[in-house]
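Right, one structure below, let's go through it.
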Amino acid sequence: MTEETKQGIQSIELGIKMLKIISDYDRPLTITEISNLCDISKSKAYRYLISFVKTGFLQKNENLKYSIGNELILIGVRAHSNVDIDKLSTSYISELRDKINETVSMALWGEKGPFFLKWEPSNSHVNIGVQQGTQIKVTQSATGKLFAAFSPREKTEKLINEELNGDQTAIDSFYNELKIIREKKFATTQDTLIPAISALSAPVFGKNGEIDACISVIGFTESLDVSEDSIIAKELKKNAYLLSRDMGYVEKRLFPSLLNK
C-alpha cells in the first residue's frame with residue numbers, strides 16, 4: 001500500500017480543507033458560507049470553527065464571521081521564512097527603483113532554481129516578458145550566477161549541467177567565473193538572455209550566512225552602466241547590504257567599503 005492510498009484521519013483532512021477554503025478569501029466568511037463551500041452541515045462546521053478559534057487558527061469578528069487567525073499565520077511564517085524578506089525588501093526595492101529609474105527585481109531560490117519574487121519596472125518600462133514567478137536561468141543570468149556562486153554545489157550542479165548540455169569545457173569555464181563572482185559579491189550579464197538587455201545583481205545574505213535572495217537592476221545595454229564602480233552598482237550593493245543587515249547578517253566583509261559610510 002502506497003502513502004497515497006493509506007487511509008488517513010478524515011476529520012483532520014476536512015479541517016485542513018476548511019482552513020484552505022477560508023484562506024482563499026480576502027474577506028471573513030459566515031458559517032453558512034463555510035458550510036456551503038465545504039459541503040457540510042452548519043452544525044458540523046460549527047464544531048470545527050469552535051476548535052479553530054480556541055487554538056487561534058481562526059478568528060471570529062463581531063459580525064460572527066471567520067478569517068485566518070494569528071497562530072496559523074505564525075505557523076506559515078515559520079514554515080516559509082521568505083515571508084520576512086518579502087516584507088523587509090519592499091522599501092529597498094521601490095526606493096532603489098525610484099532613485100536610479102531602472103527596473104529593479106528580487107529573486108529567491110525555488111525548487112526549480114531562481115525565480116522573481118518582486119519586479120518593479122522603471123518609468124521606461126523595460127518589457128522583457130518577465131513577471132512575478134518567472135524562472136531564471138542559472139548560467140545565463142546575473143541572478144543565477146550569484147546563487148550558483150554562494151550556494152552549495154550540490155544544490156545547483158544539476159541545473160548547471162543541464163543548461164550547458166553537459167559540455168565540460170563550458171562547465172569548467174562557468175565555475176571559474178563563479179570564483180570571481182564570489183570574490184566580488186557582484187555579477188553582471190549583457191545581451192545574454194535578451195538582445196539589448198543587461199543586468200547587474202548583488203546578493204542578500206541571511207543571519208545564517210547563506211544567500212537568501214538577489215537584488216538586480218535590469219535595463220537597456222546602451223544606457224545601463226554595469227561596471228562595478230558605477231553609481232547604479234554602488235546603490236545596488238548598498239541596498240543589498242542594508243537588506244542583508246536587516247535579515248540578521250553581521251559578516252563585516254560583506255561590501256566592507258559601505259560600512260564606513
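FYI, it's all coordinate maths here, none of it is from the lab. All figures in this text were calculated on a predicted structure; none of them were measured in a lab. Note: ideal-geometry Cβ built from the backbone for every residue, glycine included; neighbour counts use all protein chains shown.
Can you tell me the length gained on complete extension of the stretch Ser227 to Lys87, counting 0.36 nm per residue apart and subtracting the Cα distance? Intermediate results must be reported in sequence, preceding the final value.
Values: separation 140, 0.36 × 140 = 50.40 nm, distance 2.94 nm.
Extra length available between Ser227 and Lys87 comes to 47.5 nm.
Highest first, please rank the peptides 85-91, 211-217, 133-139 by the mean number of other Cβ atoms sitting within 10 Å of their residues.
Working: 85-91: 15.9, 211-217: 26.0, 133-139: 18.0.
Ranked from most to least packed, the peptides come out as 211-217, 133-139, 85-91.
Report the gain in length on full extension from Ile9 to Lys44: 0.36 nm times residue separation, minus Cα-Cα distance, nm rounded to one decimal. Each step should come with its number before you reach the end.
Details: separation 35, 0.36 × 35 = 12.60 nm, distance 1.60 nm.
Between Ile9 and Lys44, full extension yields 11.0 nm more.
With Cα atoms defining each centre, the range 11-38 and the range 81-119 are spaced 32 Å apart in the structure.
Here is the P(r) of the chain: all C-alpha pair distances, binned every 10 Å from 0, give 6, 25, 25, 18, 16, 9, 1 in whole percents. Highest-first packing order for the peptide set 146-159, 40-53 is 146-159, 40-53, based on the mean count of other beta carbon atoms within 10 Å. Here is the tail figure for the range 161-220: Cα pairs spaced more than 15 Å apart come to 63 percent of all pairs.
Dividing the Cα radius of gyration of the range 10-78 by 2.2 N^0.38 Å, with N the residue count, gives 1.00.
On a 22 Å Cα-Cα criterion, which of the cross-link pairs Lys99/Lys238; Lys42/Lys65; Lys112/Lys234; Lys118/Lys234; Lys158/Lys238 come out too long?
Lys112/Lys234; Lys158/Lys238
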